[in-house]
Amino acid sequence: MVIRTGRVELDFSGIRVEFGLPAEFPAAALAEAQQAVGRDVAVGDREDATSLPLVTIDPPGAKDLDQALLIERVGVGFRVHYAIADLGVFVVPGGALDAEVRKRGQTLYLPDGNVPLHPTVLSEGAASLLPDQTRPAVLWTFDCGADGEPRDVRVRRAMVRSRAQFDYEGVQASFDAGNPHPSVEALPEFGRLRRERATERGAVELRLPEQEIVPNGDGDWKLVVRPRADVDSWNAEISLLTGMAAARIMLDAKVGVLRTLPDADDGAVDALKRSAHALGVPWPDGVTPARLLAGLDPGRPESLALFVDATRLLRGAGYTAFDGTIPPVSTHAGLAAPYTHVTAPLRRLVDRFTTEVCLAVTAGREVPDWLRRALPLLPGLMGGSDTLAGKVDRACLDQVEAWVLADRVGQVFEAVVLRADGNGADVFVSQPPVMGRCAGPGLPEGERIRVRLTEADPERRKVAFVRVAG
């Protein structure tokens, strides 16, 4: 499902200027990164795991490869090897590069080019788990039972060598054709087990349409909705498994940083039940929100509306640093478990620090003073960068939606009503894949309606609709 803008001169420089995004790294940070490339990263107590046939699964064309995976069946259970890029050997604590990445917080993804967290000589080169390259990594190994739950967890520094770089669509196609790569052959079975465990815990998964902006090959842009394939969910479960194991290590040691989300109150759950009733979605007694949402067909309009309404269950996410005592909120309600970010250090600041905590704790070493001093700063740094990333993502989508629809004002489209209030509703138009505001009272959530485009302003990045009678 695509639509072309048809114009080659459109770029996102205005958004970069508006949000003050950096165009380059300071010279001192670049110099440190270049020096780190020449460092001997194989020294010290580092396991040789280059014989493991690890593979990566990322979006097409990605070069900043954080994770490499191998899943094996062992008896009635599974052994999962998950290698994570080791930034700790490249970034000197307190140095110029460390200072710069703390300012950035995370990689920002714009359609016409990324604003990377680390210089690309590291994030797309020496630190990236590129295929057929020997790289330093932090290697997690999980021995899991037949139910998918870990019985033993190990984490240590290692040298690894990825055998192949795959993308989600290609891996899904290989499963559909019955000829997956041996390193991920067990991923569907293990991924389904982990999804079932998540639903049993009460983890909430919202399968909303995911808009993406991609080049069309002629210098301009197209909007697409990439369906969330099964392999996306299965692969995500490996990352979540690792993040939950890391959180447990830090909680046991009473030091670290968690990704936290308070439990939704009864009012939010009751409101979701009222929405389900209004949408005609049966909610049997005793069924949890997680179980209900997991059973919905994401292709149905009432499901889309309920997924949007369910976002009220996931408000208030943040980062919680602790040292010496367990924090009052130590779980992530969306996952129904303690959790931390630990699997994307190339692209996210906090992961490097949480990884170092886990390595120190599991090796029986004291957490270094520089690391303890950094922990209280991370919630603020990550919170600020998350807010900026959300604004930049939304601005880019709003910009392309306005470009795409600029010459179609007055036309009528089919839409699904997502969330309504007294003055109108948010609607999803499937072709082109646009989310916008539709004016008018009494718009029926979860129903298909016809809307007329009344505004598509590229300067203000605004799109608006009105309902068409009948």
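Remarks
- For the criterion of being under 13 Å from D64 (Cα atoms) and surrounded by 21 or more Cβ atoms within 10 Å (Cβ to Cβ), L129 passes.
- Residue within the stretch 391-398 that is farther than 27 Å from Q67 by Cα, among the charged types (D, E, K, R) and at pLDDT below 95 present: yes
- So A425, is it in a strand (DSSP E or B), among the hydrophobic types (A, V, I, L, M, F, W, C), open to solvent by less than 30 Å² (accessible area, probe 1.4 Å) and without any contact (Cβ under 8 Å) to a residue 40 or more places away in the chain: yes
- Pairs with Cβ under 6 Å, 6+ apart, first in the stretch 251-268 and modelled with pLDDT of 95 or more, second open to solvent by 40 Å² or more (accessible area, probe 1.4 Å) and in a helix (DSSP H, G or I): A253/V361
- Within the stretch 194-234, being charged (D, E, K, R), open to solvent by less than 30 Å² (accessible area, probe 1.4 Å) and farther than 30 Å from R163 by Cα holds for one residue alone: D220.
- Selection from the stretch 92-114 of residues that are open to solvent by less than 40 Å² (accessible area, probe 1.4 Å), in contact (Cβ under 8 Å) with a residue 12 or more places away in the chain and over 14 Å from P26 (Cβ atoms): G105, Q106, T107, L108, L110, P111
- Test for R192: is it over 30 Å from L371 (Cα atoms) and of a type in the set (D, E, K, R): yes
Every residue, every condition in (1) of a type in the set (D, E, K, R); (2) more than 18 Å from the chain's Cα centre (by Cα); (3) surrounded by fewer than 16 Cβ atoms within 10 Å (Cβ to Cβ), yes or no:
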| position | (1), (2), (3) |
| --- | --- |
| P116 | no, no, no |
| S123 | no, no, no |
| S162 | no, yes, no |
| R192 | yes, yes, yes |
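- Against the test of being among the charged types (D, E, K, R), in contact with a strand residue (DSSP E or B) (Cβ under 8 Å, 6 or more places away or on another chain) and farther than 30 Å from L251 by Cα, the options R461, R450 yield a single qualifying residue, R450.
- Taking the stretch 271-362 and the helices (runs of 4 or more DSSP H) fully enclosed by it, the elements with 3 or more residues that are touching a strand residue (DSSP E or B) at 6+ places or on another chain (Cβ under 6 Å) are at 301-310, 349-362.
- When the stretch 235-250 is limited to residues that are among the aliphatic types (A, V, I, L, M) and open to solvent by 20 Å² or more (accessible area, probe 1.4 Å), the one that is modelled with the lowest pLDDT turns out to be A236.
- Sole exception among (1) closer than 19 Å to R73 by Cα; (2) surrounded by fewer than 21 Cβ atoms within 10 Å (Cβ to Cβ); (3) in contact with a Pro (Cβ under 9 Å, 6 or more places away or on another chain) for L187, by number: (2)
- Selected residue (only one of D323, D297 is open to solvent by 10 Å² or more (accessible area, probe 1.4 Å), on the phi < 0 side of the Ramachandran plot, modelled with pLDDT of 95 or more and over 21 Å from the mean Cα position of the chain (by Cα)): D323
- In the stretch 300-316, the residue that is nearest to L418 (Cα to Cα) out of those that are open to solvent by 50 Å² or more (accessible area, probe 1.4 Å) and not basic (K, R) is L314.
Conditions (1) more than 21 Å from A245 (Cα to Cα); (2) small (G, A, S); (3) assigned to a loop (DSSP other than H, G, I, E, B), marked per residue:
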position: R73; (1), (2), (3): no, no, no
position: H81; (1), (2), (3): no, no, no
position: P93; (1), (2), (3): yes, no, yes
position: A99; (1), (2), (3): yes, yes, no
position: L129; (1), (2), (3): yes, no, yes
position: D143; (1), (2), (3): no, no, no
position: A146; (1), (2), (3): no, yes, yes
position: R154; (1), (2), (3): no, no, no
position: P180; (1), (2), (3): yes, no, yes
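- Selected residue [touching a residue at least 60 places away in the same chain (Cβ under 8 Å), open to solvent by 60 Å² or more (accessible area, probe 1.4 Å) and part of a strand (DSSP E or B)] from R450, R372, R419, R437: R419
- Filtered residue count, the stretch 453-470, keeping only those that are open to solvent by 80 Å² or more (accessible area, probe 1.4 Å) and not in a strand (DSSP E or B): 4
The values are calculated or read from the model by the stated rules, or taken from the named source; none is laboratory data. Fair warning: this is a prediction, and the values are worked out from it, not measured in the lab. Cβ coordinates were reconstructed from backbone atoms using ideal geometry, including for glycine residues, and neighbour counts include every protein chain displayed. Accessible surface areas use protein heavy atoms only, side chains included; no ligands, DNA or RNA. Shrake-Rupley method; radii C 1.70, N 1.55, O 1.52, S 1.80 Å.
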